[in-house]
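J.: Starting off with a structure, shown below.
The values are calculated or read from the model by the stated rules, or taken from the named source; none is laboratory data. Just so we're clear, the structure is a prediction, and the values are computed from it rather than from any experiment. Glycine gets a Cβ as well: all are built from the backbone with ideal geometry, and neighbour counts include every protein chain shown.
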Amino acid sequence: MSEHQGEGDEGGASTPVGTRRTFFGWVTTVAAGLIGFGLAVPLVGYVISPALKRRERPWVDVGSLEEVPLGDPKQLDHVTTIQDGYLKNQSQKAVWAVKRPDGQVSVFSPMCTHLGCGYRWDGDVKQFKCPCHGSVFDIDGKVVAGPAPRPLDLLPSKIENGRLLVVFKEFKPGTKDIVEL
Amino acid sequence: MRIYQWLDSRLNLKSVERTLLDEPIPGGASWIYVFGSATLFLFLLQAITGMFLAVYYAPTPDHAYDSIQFIEEQVTFGAFVRGLHHWGASAMVVAIGLHMLQAFLYGAYKPPREVMWMVGVVLFLLVMAFAFTGYLLPWDQTAYWATQIGLNMVGTVPVVGEFLMRVMRGGEVLGALTLSRFFAIHVLFLPALLISLIAAHLFILRRVGPAGPWTDARASLGSETFYPRQVYMDAVVMLVVFTVIGSLALLVPFPLTDKANPADTSFVPVPEWYFLFYYELLKYVHGPLEPLATWILPMVVILIMLFWPFIDRNPARNPIRRPVAIGAGAVFLLVVFSLLGLSLKNLYAVPRVDPAVVRGKALYAEFGCAGCHRIHGAGGAVAPDLSFVGDTRPEREWHVKHFKDPQSVSPGSFMPKFPLTDPQLNDLTSYVLSLKKTP
């Protein structure tokens, strides 16, 4: 059989050879490739898309500005809705609000930057104290004592019509740099 | 290539390759032989898209609907993947139909291929079971009510029907237990069965070989290897099928209806097109004859299909020399397609219920109108009966005015003014106007 003749023989059955055979094989490969590509791209996007999406965190009303006395940090509780895929969960969250003499309000994440424990305000010594490992912060969140690697984490906040609005975020504890979770 | 050679030197792959690719096809490769491969391809596509849908799907009544909506709206390519699965299911029914038609026309069920045909019929039934169980999973109104009807049909089977229906339903009502068992059947039991039977189908094919042309003259032309020409034809058809399904998935959205509401009995479900002929048949048979249509006829048809190789004992494969068999097949297809055609015609002829009427009906319930008014015997009798108010008072303007201020058009009426918004006024008016002797 010559290279360019169309028929070969394979165990009694005829079979195309040469360029015809190459052509059929090539078309098969291209068809399989197109189907594979047409499936693989959407399916990969389908699986990884939620991992790449960053949750949009809403502004949450945590209370009236009047509830926060000047120079005396106050813990404000609020209910926030957390979107978990197709589920919506209501969750109780707290933040620490500090009103300064100039009227500005700083809002701290309620977790100690050391290992994420909840800290409290000691009004007698005017310091935030963490009961777990003894980290101490001043009213501006700066580390005064203990193992905390960085100051208390500030949350974005704004005041609208006398109400304090906050974007609740969580940060990785134990690191010197601020890493949002 | 070197890896292949390395493996071949140990596993002797070349001989496997030969067995797979050099299968002789009597009379040579042909475009008419592509339907089996197309069906197999569609099964693989359904399996793959199904696995990916399961990544986000939650099989409980609380979350099923929301999880599908999440796939449709939030997941990148989610609507496309679900579209592929939806249109792939329809395509699979078409491909199986064509594959069976080809096998029937070519007399490919005749000895020695009787068992291959029978396994094929069971595969077809399994695909129908896939369709039925998969339809419930989105847990929307269509899914819920279509499945309710399907279960009720099973219930009409004498003696064991009630029991069978309860087993299928799992619980007292169509609910959580039904959804989880339909899910398990759809994604675990049926695939396992289907894969085993596909393996059996292909095993028999390789043991007895393809049937080839029906005339000895063409068969004597000699056979051709499966690879490359038949493989090429199969691959081209698969690409065409994939392109069509992909385009449908992209271009024809397949939205969910409302979330399943067991309390809303006004919802009229429409089954998938491949069950429509059966749905139509049931419209013509009522009363004591109903079981005839719901299960005796289907049972008889399935049994005839299954044992067809033993019913048709004519050894000839050429259709011209099999007038009875071909005639019977033609009549069967004629009946099925006439019913399908009728059903489609009726579906599109029936005016869809105006959504304003549906909203108006809800308002009628919400404002407690039935406390005073009566419609077809339901409701109070102190105010006018509204059963046919659309006939007795067909003016739209009058009703709108009347709802705004009943006394302005009907002096002395004790009907209170209801706080209705303008859209609500319109909806309620549409509803009362729809109350006629002939809809």
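J.: Would you be able to tell me the number of residues in segment A:8-28 that are within 60 Å of the chain's Cα centre (by Cα) and either in a strand (DSSP E or B) or at the interface with chain B (Cβ under 7 Å from one of its Cβ atoms) (or both)?
T.: Going through segment A:8-28 one residue at a time, the tally reaches 7.
J.: Just need a number here: residues in segment A:82-102 that are within 14 Å of chain B (Cβ to nearest Cβ) and either touching a residue at least 24 places away in the same chain (Cβ under 8 Å) or of a type in the set (Phe, Trp, Tyr) (or both).
T.: 3
J.: Of the conditions (1) within 14 Å of chain B (Cβ to nearest Cβ); (2) touching a residue at least 24 places away in the same chain (Cβ under 8 Å); (3) not hydroxyl-bearing (Ser, Thr, Tyr), A:His114 fails just one. Which one is it?
T.: Tallying (1) within 14 Å of chain B (Cβ to nearest Cβ); (2) touching a residue at least 24 places away in the same chain (Cβ under 8 Å); (3) not hydroxyl-bearing (Ser, Thr, Tyr), A:His114 fails exactly one: (1).
J.: Pick out the one residue from A:Asp153, A:Asp122 that is touching a Phe, Trp or Tyr at 6+ places or on another chain (Cβ under 7 Å) and under 24 Å from A:Gln92 (Cα atoms).
T.: Only one candidate qualifies: A:Asp153.
J.: Further, regarding this structure: Looking at (1) in contact with an Asp or Glu (Cβ under 6 Å, 6 or more places away or on another chain); (2) farther than 29 Å from A:Gly36 by Cβ; (3) not aliphatic (A, V, I, L, M), which one does B:Asn261 not meet, given that it meets all the others?
T.: Against the list (1) in contact with an Asp or Glu (Cβ under 6 Å, 6 or more places away or on another chain); (2) farther than 29 Å from A:Gly36 by Cβ; (3) not aliphatic (A, V, I, L, M), B:Asn261 comes up short only on (1).
J.: Shifting gears a bit: For A:Met1, which of the numbered conditions (1) among the aliphatic types (A, V, I, L, M); (2) at pLDDT 90 or above; (3) more than 59 Å from the chain's Cα centre (by Cα) fails to hold?
T.: Here A:Met1 meets the rest and fails (2).
J.: Right, another one. For segment B:202-310, which fully contained helices (runs of 4 or more DSSP H) count at least 3 residues that are surrounded by 14 or more Cβ atoms within 10 Å (Cβ to Cβ) and not hydroxyl-bearing (Ser, Thr, Tyr)?
T.: Of the helices (runs of 4 or more DSSP H) lying wholly inside segment B:202-310, those with at least 3 residues that are surrounded by 14 or more Cβ atoms within 10 Å (Cβ to Cβ) and not hydroxyl-bearing (Ser, Thr, Tyr) span B:231-251, B:273-284, B:297-306.
J.: How many residues does segment A:29-38 hold that are surrounded by 14 or more Cβ atoms within 10 Å (Cβ to Cβ) and either of a type in the set (A, V, I, L, M) or more than 7 Å from chain B (Cβ to nearest Cβ) (or both)?
T.: Number satisfying all stated conditions: 4.
J.: Here is a follow-up. Which residue, of A:Val68, A:Val79, is in contact (Cβ under 8 Å) with a residue 60 or more places away in the chain, touching a strand residue (DSSP E or B) at 6+ places or on another chain (Cβ under 9 Å), more than 8 Å from every other protein chain (Cβ to nearest Cβ) and hydrophobic (A, V, I, L, M, F, W, C)?
T.: Sole residue among the options that is in contact (Cβ under 8 Å) with a residue 60 or more places away in the chain, touching a strand residue (DSSP E or B) at 6+ places or on another chain (Cβ under 9 Å), more than 8 Å from every other protein chain (Cβ to nearest Cβ) and hydrophobic (A, V, I, L, M, F, W, C): A:Val68.
J.: For segment A:61-104, give me the residue count where each residue is on the phi > 0 side of the Ramachandran plot and crowded, with 16+ Cβ neighbours inside 10 Å.
T.: Adding up the residues that qualify gives 1.
J.: While we're looking at this one, here's another question. Among the numbered conditions (1) surrounded by fewer than 12 Cβ atoms within 10 Å (Cβ to Cβ); (2) of a type in the set (A, V, I, L, M, F, W, C); (3) touching a residue at least 12 places away in the same chain (Cβ under 8 Å), tell me where A:Ala51 comes up short.
T.: Against the list (1) surrounded by fewer than 12 Cβ atoms within 10 Å (Cβ to Cβ); (2) of a type in the set (A, V, I, L, M, F, W, C); (3) touching a residue at least 12 places away in the same chain (Cβ under 8 Å), A:Ala51 comes up short only on (3).
J.: I'm checking my understanding of the structure. Among residues of segment B:42-63 that are of a type in the set (S, T, N, Q) and more than 10 Å from every other protein chain (Cβ to nearest Cβ), which one is farthest from A:Tyr46 (Cα to Cα)?
T.: B:Thr60
J.: May I pose another question? Looking only at helices (runs of 4 or more DSSP H) that fall completely inside segment B:1-61, which ones have 3 or more residues that are within 23 Å of B:Leu125 (Cβ to Cβ)?
T.: B:34-54
J.: Is there a residue in segment A:141-161 that is buried (at least 18 other Cβ atoms within 10 Å of the Cβ) and either of a type in the set (Phe, Trp, Tyr) or outside the structural domain of A:His78 (by TED's automatic domain parsing) (or both)?
T.: Within segment A:141-161 (the criterion being buried (at least 18 other Cβ atoms within 10 Å of the Cβ) and either of a type in the set (Phe, Trp, Tyr) or outside the structural domain of A:His78 (by TED's automatic domain parsing) (or both)), the answer is no, since none of the residues qualifies.
Okay, residues lined up against (1) under 30 Å from A:Val47 (Cα atoms); (2) among the acidic types (Asp, Glu); (3) touching a Lys or Arg at 6+ places or on another chain (Cβ under 9 Å):
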site	(1), (2), (3)
A:Asp72	no, yes, yes
A:Leu76	no, no, no
A:Gln83	yes, no, yes
A:Trp96	no, no, yes
A:Arg100	no, no, no
A:Ser109	no, no, yes
A:Cys117	no, no, no
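J.: Regarding B:Leu281, is this residue closer than 18 Å to B:Gly341 by Cα, touching a residue at least 24 places away in the same chain (Cβ under 8 Å), not assigned by TED's automatic domain parsing to the domain that holds B:Leu105 and not basic (Lys, Arg)?
T.: Yes.
J.: Answer yes or no as to whether B:Val75 is at the interface with chain A (Cβ under 10 Å from one of its Cβ atoms), crowded, with 20+ Cβ neighbours inside 10 Å, more than 30 Å from B:Asp216 (Cα to Cα) and in contact (Cβ under 8 Å) with a residue 24 or more places away in the chain.
T.: Taking the combined requirement at face value, the residue does not satisfy it.
J.: May I pose another question? Quick one: B:Val187 ticks every box in (1) within 14 Å of chain A (Cβ to nearest Cβ); (2) in a helix (DSSP H, G or I); (3) in contact with a Pro (Cβ under 9 Å, 6 or more places away or on another chain); (4) farther than 21 Å from B:Val34 by Cα except a single one, so which number is it?
T.: In the conditions (1) within 14 Å of chain A (Cβ to nearest Cβ); (2) in a helix (DSSP H, G or I); (3) in contact with a Pro (Cβ under 9 Å, 6 or more places away or on another chain); (4) farther than 21 Å from B:Val34 by Cα, B:Val187 misses (1) alone.
J.: Against the conditions (1) part of a loop (DSSP other than H, G, I, E, B); (2) under 21 Å from the mean Cα position of the chain (by Cα); (3) at pLDDT below 90, where does B:Leu174 fall short? Just the number, please.
T.: (3)
J.: Continuing with this model, one more query. From B:Leu21, B:Leu44, which residue is under 24 Å from A:Gly36 (Cβ atoms), out of contact with any Lys or Arg (no Cβ under 9 Å at 6 or more places or on another chain), surrounded by fewer than 18 Cβ atoms within 10 Å (Cβ to Cβ) and not assigned by TED's automatic domain parsing to the domain that holds B:Arg206?
T.: B:Leu21
J.: With respect to B:Val270, determine if the residue is β-branched (Val, Ile, Thr) and under 30 Å from B:Met153 (Cβ atoms).
T.: yes
J.: Please enumerate the residues belonging to segment B:235-276 that are of a type in the set (S, T, N, Q) and within 14 Å of another protein chain (Cβ to nearest Cβ).
T.: Hits for segment B:235-276 are B:Thr243, B:Ser247.
J.: Against the definition (in a helix (DSSP H, G or I), under 30 Å from B:Val81 (Cβ atoms), in contact with a helix residue (DSSP H, G or I) (Cβ under 8 Å, 6 or more places away or on another chain) and within 12 Å of chain B (Cβ to nearest Cβ)), how does A:Val41 come out, yes or no?
T.: no
J.: What are the residues in segment A:44-65 that are closer than 30 Å to B:Ile48 by Cβ and either within 16 Å of the chain's Cα centre (by Cα) or more than 11 Å from chain B (Cβ to nearest Cβ) (or both), if any?
T.: A:Ile48, A:Ser49, A:Pro50, A:Ala51, A:Leu52, A:Lys53, A:Arg54, A:Arg55
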